[in-house]
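Report on the structure given below.
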There are 2 protein chains.
Amino acid sequence: MINVSDGAAYAPKGKPNAVVKPGEFVFAALGLYHGHIYGMCNGLIEAGGILKSYYDPDPAYRAAFARQFPGAKAAASEDEILGDKEIILVAGATKTNERCALGLKVMAAGKDYFTDKAPLTTLEQLAEAREAVKRTGKKYAVYYSERIHVESAVFAGDLVEQGAIGRVVQVIGFGPHRLGKSVRDGGNRPEWFFVKKDYGGILCDIGSHNVEQILYYTGAKDGTVVKSQIANYAHPQYPELDDFGDCQIVLDNNASGYFRVDWFTPDGLQMWGDGRLFILGTEGYIEQRKYMNFGEKGSGGGHVLLANGKEETHYHVEGKVGYPFFGRLILDCLNRTETAMTQDHAFKAAELSLIAQRDAVVLERK
Amino acid sequence: MINVSDGAAYAPKGKPNAVVKPGEFVFAALGLYHGHIYGMCNGLIEAGGILKSYYDPDPAYRAAFARQFPGAKAAASEDEILGDKEIILVAGATKTNERCALGLKVMAAGKDYFTDKAPLTTLEQLAEAREAVKRTGKKYAVYYSERIHVESAVFAGDLVEQGAIGRVVQVIGFGPHRLGKSVRDGGNRPEWFFVKKDYGGILCDIGSHNVEQILYYTGAKDGTVVKSQIANYAHPQYPELDDFGDCQIVLDNNASGYFRVDWFTPDGLQMWGDGRLFILGTEGYIEQRKYMNFGEKGSGGGHVLLANGKEETHYHVEGKVGYPFFGRLILDCLNRTETAMTQDHAFKAAELSLIAQRDAVVLERK
């Protein structure tokens, strides 16, 4: 179920690879506003999780979800899910600015939380989330899909870990997306995508994917946003949309990162976005072409290009790598470990995204 | 004579396309330190120029040049060339920090000057050069080869001019280069490449290509360096080398630009550098893969990828576009016009490169 035209509906399916026995890991979906919930549930189910139930106040979202996951039960309310002792984790994709409030409720109910990115929209929410994690001992995991649910990203991580390009000195990410139109204008995008307090701004929203990747591939624990910019260059009909954003980060190990995100994917492109990531190392470099190989029709995703002292290779890893994050997350919930992604890392990516958004210079249209 | 392993020896040959009759445009080469002088002379000769004579104080450089251009005369001195009334233009590729002094002499001798990039290394030199141009009425033209001597760059410029991607909102450039070793260490790079006052720093040197392209493709006349960084991450044996640099520029039309330059091209790569340029427009985007198509052996250069509302196309323009800069420069010299590149543009690219270098934050190795 790969939707090629709309990034919000991108929900990859991988090879089932259960890490638990049936019934050992039961979860629910709460908040179905963003299509990412499908990818989140797919990933957990493929790793052996049982999707028991789901809820959203909007009946249209519930109906769409029921068609995709007919085996799951339509809960009557949020409280039914929060009170269900069998449910270990709640996956949620509410409006971005409501994700933290939901997470606080989920954790207070004694469950782990797995939210779509961005995990929250303000530094105040982040402080609350950090405090709640500390207090409850529960997880506030984040679906940074552009790394954890993209095979090229997983494979590139393995290459870096194996030392294929030496020490990483810089990461550059491009996160272009197709905008489409709002529901109001006859399109598919809910109105809240265009309301800044709801989606948090482009650097908070799709920028968070890139901040996470910069932290991950450089192996850094922290970083400083040294420059960020946003603009609405060409969408006056959506005055609160940032259609462009970019950001420079210096990491605590003095590697650096740069990324650009935008809503300018043109209609002639085969895919909703030509996502790229370039990892520069002291002994080589890696390029990811995540969802397509630009200029090659029907190219599929999963392109990883590597050059180092020994080779120059185009790896096409689609269908070959899978998504180990989900099985690790399930085991982390059961064993109280942090093998999928540390809590500090997930929150740090959010923190730097929020700082980038807050401090961004606005480039006015001229 | 494409040298694939060493960018300094990259001297493309295009289709001859003379804009003048034999003898109408006579030029000389003075200062043969950088291999770019070969590309500069090739370009002018293909456009109908006559290379009359050449000189460099170093006999080794003279001998190599003589092998390449056996029809040109070895002048006995710099003064012989400067005093030759037939010579309209002097092409030079001395050490970067000596390029301005040479230019001042050339212009004072009543000739136009065509220098390798970077055209100079300090803002003081730039002020002198600007003053001399104003005073003498002569040209201080610059060989920003990564645009004017690269077919993908020429073709991309045509696409932008034709409105293929709407209004340009951002340009991102990658200028990776293979370092090799210094002569002292048994390699080919002259010592001055590793002495900062001589080469000016990475943002001044190879960065100037990218600043020029950012100005050109955004159609801007001016810009502000909003962030720049340099590092020596992995070459402690060359303490004055910047092996990494990056820079963000905001243009006077509020488009923006980012570039990274580095000396990390690994030995396994088919080419001395995987130069790229990404032009984001309101209605599409263009990627240039200038010298190679990463991962495709023997791919050749001249790859331009375009997506807009109508199409997604991989153009391979190698051998099809040529290099119109040189013919225009010859006619500009004869007609006192500015069709190849304005003087303001050439100096502005240098100015912003120098400011980027001067203001760069140094990322220390950790």
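The values are calculated or read from the model by the stated rules, or taken from the named source; none is laboratory data. Owing to the predicted nature of the structure, the values given are computational and were not obtained by experimental measurement. Cβ: placed from backbone, ideal geometry, glycine included. Neighbour counts: every protein chain shown. In case anyone asks, the SASA skips ligands and DNA or RNA and just uses the protein heavy atoms, side chains included. Shrake-Rupley method; radii C 1.70, N 1.55, O 1.52, S 1.80 Å.
Within segment B:282-294, being aromatic (Phe, Trp, Tyr) and assigned to a strand (DSSP E or B) holds for one residue alone: B:TYR285.
If the condition is being in a strand (DSSP E or B), small (Gly, Ala, Ser) and either open to solvent by 20 Å² or more (accessible area, probe 1.4 Å) or within 14 Å of chain A (Cβ to nearest Cβ) (or both), then segment B:162-197 contributes B:GLY173, B:GLY175. Taking the criterion of being surrounded by 20 or more Cβ atoms within 10 Å (Cβ to Cβ) and among the acidic types (Asp, Glu), the only residue of segment A:198-210 that qualifies is A:ASP205.
Applying a threshold of 7 Å to beta carbon distances and a minimum spacing of six or more residues, or different chains, the list of pairs starting in segment B:336-349 at a residue that is among the basic types (Lys, Arg) and ending at one that is crowded, with 19+ Cβ neighbours inside 10 Å and modelled with pLDDT of 95 or more reads B:LYS348/B:LEU215. Looking across A:ARG328, A:ARG276, one residue alone is open to solvent by less than 10 Å² (accessible area, probe 1.4 Å) and basic (Lys, Arg). It is A:ARG276. Being at the interface with another protein chain (Cβ under 8 Å from one of its Cβ atoms), closer than 27 Å to B:GLY175 by Cα, open to solvent by less than 10 Å² (accessible area, probe 1.4 Å) and polar (S, T, N, Q) is a property that holds for A:GLN248. Within segment A:90-110, none of the residues are open to solvent by less than 10 Å² (accessible area, probe 1.4 Å), within 21 Å of the chain's Cα centre (by Cα), farther than 18 Å from A:ILE37 by Cα and among the small types (Gly, Ala, Ser).
Can you say whether A:THR313 is open to solvent by 40 Å² or more (accessible area, probe 1.4 Å) and at pLDDT 95 or above, as far as the supplied structure shows? Taking the combined requirement at face value, the residue does not satisfy it.
Of the numbered criteria (1) under 16 Å from the mean Cα position of the chain (by Cα); (2) open to solvent by 10 Å² or more (accessible area, probe 1.4 Å); (3) closer than 25 Å to B:LEU44 by Cβ, the one B:SER152 fails is (2).
The residues of segment B:251-278 that are at the interface with chain A (Cβ under 7 Å from one of its Cβ atoms) and in a loop (DSSP other than H, G, I, E, B), listed by number, are B:ASN253, B:ASN254, B:PHE264, B:PRO266, B:ASP267, B:GLY268, B:LEU269, B:GLN270. Can you tell me which residue is farthest from the other protein chains (Cβ to nearest Cβ) among those in segment B:279-329 that are in contact with a Gly (Cβ under 6 Å, 6 or more places away or on another chain) and β-branched (Val, Ile, Thr)? Among those that are in contact with a Gly (Cβ under 6 Å, 6 or more places away or on another chain) and β-branched (Val, Ile, Thr), it is B:VAL317.
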